[in-house]
Amino acid sequence: MENILQVLINAIKSRLIGLYTMFKLWTTPSYIRTRITTVIRQFFTQALSVKPRHKKDYYTISKWLVSKRLVYFIVLAVGVLCAFYLLLINPIFSFNHVAGIREYYYNALPLRFVDGTARIKAKSGYVAYEGNVSKGEVIGKGTLYSKAGDTVYIGDFAANKFEGSGKAYYPAEILKYEGTFSNNLYEGEGTLYRQNGSMEYAGAFSKGKKDGKGILYNASSNQIYEGLFSQDEIVYSDLIGKSTAEIGEAYTGEIAFYLGDNNQFVSCLKEIDAVYQGDSTDTNIEDEIMVDIVYISHNYITLGGQRVSSVAELIDYFGTPSYQGYTKLKLAEQIVIKNMIEKGDTSFDKVSMDIVPSNTNDVFSVTGYSRNQTVYLYTFLKDGVEYQFFCPEKRGDFGFYGVATY
């Protein structure tokens, strides 16, 4: 009896071992790949080896007869290749849930049908966005991240762009701008900050630049100027025709005051690179000194939305100069050159000037200066403003410029 039982057990074991061995073979990756490859090869070989035998086995294209089997094969091959690309090389169907939020690659097909909160991963795999999504587009409230994981922007989106209220950041999540956006650019009212955290500007923006009424701040976040801006530049022509009192209200930054002979005086608005000259005998009925010319110690000017620095570009914009030739430098113009040289600009020759400081640090008396030093001047007239460009030599680039009434 025991022998019969042992024989039965051995027979069952041998059968099970055979089944286990066969199952193990069938489930190995190499066997599966081999079988799949063999089946596909046999299918395509059989599909291609069967020759059409009847006219119904062909498609008529113009004067050509194309095998229906060949067409089926091409369509099938394209489908297999597409599936292989979508599922293995470019897994755009992949998504998962992280902390209850659906997460997709930026090119995932299911993302095109999502309405609600989602995370979107960039091509390299990091989470680039988290927020509201509608039919494949970033729209509504959301946050954009850098590859390092820092916040780049947080606020309103529309059609994958910054649109509405939001905040933009420097690297390391340092606030750069807070206000309104349009088409990814600053637009409307906002506040701009420097990378060290100090406030730079608060006011109107257009197409990403300071444009309109605004307030300028220095590196210590102290207000220094309030007025009009255009294309990131102060509209210096807005200062001409104002009284010194009005300019004093607009500009509250560091100032230097030079007293010359014959009641002349020069004010240097240091933190906006501007200088104006006045005459204390030239007052109106309210005894206010009016400013009719302002000098700007910039070797560029923004005209028609473009930054211009050469005489050739000036002529292209303004046309023929109303005047050009050598001119003797006035006191204010020599002080502009003096300030430029002190900042390291060597465009012009050094000016000769005798200056005596007063009891205060910002008031100086000019007891003498060269009245025969000359530079080359180009003057243009446009829209009620006279533009004066001072050049070290004829043609070339200008070193600084002035705006005056005419």
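Taken over region 287-302, the criterion of being more than 14 Å from Glu386 (Cα to Cα), in contact with a helix residue (DSSP H, G or I) (Cβ under 7 Å, 6 or more places away or on another chain) and not in a loop (DSSP other than H, G, I, E, B) is satisfied by Ile289 alone.
Residues of region 371-406 that are of a type in the set (Val, Ile, Thr), touching a residue at least 60 places away in the same chain (Cβ under 8 Å) and touching a Phe, Trp or Tyr at 6+ places or on another chain (Cβ under 8 Å): Val385, Val403. Summed over region 376-401, the residues that are surrounded by 19 or more Cβ atoms within 10 Å (Cβ to Cβ) and touching a helix residue (DSSP H, G or I) at 6+ places or on another chain (Cβ under 8 Å) give a count of 9. I want to confirm something. Restricting to region 131-169 and keeping residues that are farther than 19 Å from Glu187 by Cα and charged (D, E, K, R), which single residue is surrounded by the most Cβ atoms within 10 Å (Cβ to Cβ)? Per the criteria, the residue is Glu137. Among the residues of region 216-237, those that are of a type in the set (Ser, Thr, Tyr), farther than 21 Å from Leu381 by Cβ and part of a strand (DSSP E or B) comprise Tyr217, Tyr225. Looking only at region 291-315, residues that are without any contact (Cβ under 8 Å) to a residue 60 or more places away in the chain and hydroxyl-bearing (Ser, Thr, Tyr) come to 1 in all. Looking at the structure I just gave you, is Gln324 more than 36 Å from the chain's Cα centre (by Cα) and modelled with pLDDT of 95 or more? In short, yes.
Only one of the listed residues (Ile247, Ile240, Ile296) is under 25 Å from Ile335 (Cβ atoms), in the same structural domain as Val356 (by TED's automatic domain parsing) and buried (at least 19 other Cβ atoms within 10 Å of the Cβ). That residue is Ile296. Screening the candidates Gly241, Gly197 for the property of being touching a residue at least 40 places away in the same chain (Cβ under 8 Å) and either assigned to a loop (DSSP other than H, G, I, E, B) or among the polar types (S, T, N, Q) (or both) yields one hit, Gly241.
The values are calculated or read from the model by the stated rules, or taken from the named source; none is laboratory data. This structure is a prediction, so every number in the text was calculated from the model and none was measured. Positions of Cβ are generated from backbone atoms using ideal geometry, with glycine treated the same way; all protein chains shown enter the neighbour counts.
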